[in-house]
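Structure first, then comments.
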Amino acid sequence: MSSPAMIDRYRWWEIVLIYCGIALFLFFVLSPFVEGFLVSLKPLAQLFSSPYRFWPENGSFEAYRTMWISVPGFGRYIFNSFFISTVVTVIVLCLVIPAAYAFARFEFKGMGILLGAFLTVNMFSGAVLLIPLFRLMRSMGVLNTYLAMIVPGVAFLIPSAIWLLRTYMIRIPQELNEAAYMDGASHFYTLRRVILPIAMPGIIVVAITTFIGAYAQQFIFALTFNSKTEYMPLPVGLFAYFGKQEVIWNELMAASFVGIAPAMVVIFFLQRYLVGGLTAGAVKQ
């Protein structure tokens with residue numbers, strides 16, 4: 001006789017508490033986005049009215065039109081962020097896939113130290129390393145170029161990507177490698193033809209998390225390593241809505257939603273791979 005479903009093992013009041021907890025969690029997560037969207041629909045004068053009105057009166061999408069006029073190069077900022085994030089993701093995957101495979105399949109001296117060093121790198125904020133990074137970028141001659149944001153982005157995102165993909169590859173049965181070796185396959189051939197197809201959900205998870213990380217961490221690197229507008233990413237474009245006398249809040253919120261649209265599109269089309277990659281290997285077959 002099959003065991004009852006997990007949800008059937010709870011009493012009715014326990015189920016109510018679970019759903020109430022989920023609803024409370026979603027409220028705190030989604031309420032800033034809802035408020036930000038409503039702010040983008042309000043006229044600027046209405047934002048400072050007293051008492052404050054949560055729901056906009058005579059709301060419109062006018063801010064989504066005027067935002068392009070206030071910051072004429074905003075489309076370029078979005079393109080730069082998407083381009084930088086895509087290049088960073090591709091480079092990270094090319095470096096992380098063989099590295100994660102080596103850490104998952106081989107035992108070598110100093111492996112634990114290297115993995116610990118990767119975690120240590122994530123403990124440092126980019127702001128702490130700005131001065132040495134600036135000197136490095138200057139010595140490489142890449143200031144005021146895309147590389148000035150791509151290089152540190154790759155460096156800061158590789159450690160977490162290695163840990164995430166290594167954890168996934170460890171769950172792949174070692175017998176697959178042994179069978180490939182028995183057939184005379186090399187390590188590279190085994191990785192390319194045997195491991196990669198199985199590890200694809202995990203690779204997609206790493207790609208999505210890397211893309212989001214690269215999309216979100218560009219502000220401080222752009223202000224430090226770039227002075228040319230044509231290379232500036234989205235966060236700098238949003239900062240342009242902070243005027244000397246006032247902040248154009250409705251256009252800022254509108255620009256924020258337009259700016260994150262490319263990342264949301266990527267997540268939307270890859271969400272089923274994201275869920276599959278995060279849950280794969282959670283239950284031993």
Original post:
Which of the residues spanning region 94-114 are open to solvent by less than 60 Å² (accessible area, probe 1.4 Å) and either touching a His at 6+ places or on another chain (Cβ under 6 Å) or β-branched (V, I, T) (or both)?
Top reply: V96, I97
Original post:
Tally time: how many residues in region 228-246 are farther than 13 Å from V71 by Cα and at pLDDT below 85?
Top reply: 3
Original post:
Within the bounds of region 191-206, is there any residue that is modelled with pLDDT of 85 or more, closer than 21 Å to S125 by Cβ and under 18 Å from the mean Cα position of the chain (by Cα)?
Top reply: no
Original post:
Applying the selection to region 184-220, what residues are more than 30 Å from M149 (Cβ to Cβ) and surrounded by fewer than 20 Cβ atoms within 10 Å (Cβ to Cβ)?
Top reply: G184, A185, S186, H187, F188, Y189, R192, R193, V194, P197, I198
Original post:
What pairs come up if the first residue lies in region 135-149 and is within 14 Å of V88 (Cβ to Cβ), the second is of a type in the set (F, W, Y) and surrounded by fewer than 18 Cβ atoms within 10 Å (Cβ to Cβ), and their beta carbons are under 9 Å apart, counting only those six or more places apart or on different chains?
Top reply: Y146/F83
Subject >> Residues located in region 142-183, provided they are farther than 19 Å from M200 by Cα, surrounded by fewer than 16 Cβ atoms within 10 Å (Cβ to Cβ) and out of contact with any Phe, Trp or Tyr (no Cβ under 8 Å at 6 or more places or on another chain) >> reply: E178, A179, Y181, M182, D183
Original post:
What number goes with the only condition from (1) open to solvent by 30 Å² or more (accessible area, probe 1.4 Å); (2) touching a residue at least 40 places away in the same chain (Cβ under 8 Å) that V128 does not pass?
Top reply: (2)
**OP:** Could you list all residues from region 231-245 that are open to solvent by 80 Å² or more (accessible area, probe 1.4 Å) and either of a type in the set (S, T, N, Q) or touching a residue at least 12 places away in the same chain (Cβ under 8 Å) (or both)?
**Re:** F239, Q245
Original post:
Quick check: anything in region 39-52 hydrophobic (A, V, I, L, M, F, W, C) and under 28 Å from the mean Cα position of the chain (by Cα)?
Top reply: yes
**OP:** Being open to solvent by 40 Å² or more (accessible area, probe 1.4 Å) and assigned to a loop (DSSP other than H, G, I, E, B) is the filter; apply it to region 58-74 and report the residue that is nearest to L238 (Cα to Cα).
**Re:** P72
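Given V92, V96, V88, V151, which one is touching a Gly at 6+ places or on another chain (Cβ under 7 Å) and at pLDDT 90 or above?
Unique residue meeting the criteria: V88.
The values are calculated or read from the model by the stated rules, or taken from the named source; none is laboratory data. From a predicted model like this one, the values you see are computed outputs, not experimental measurements. Here Cβ is always computed from backbone atoms with ideal geometry, including for glycine, and neighbour counts include all displayed protein chains. For accessibility, only protein heavy atoms count, side chains too; no ligands or nucleic acids. Shrake-Rupley method; radii C 1.70, N 1.55, O 1.52, S 1.80 Å.
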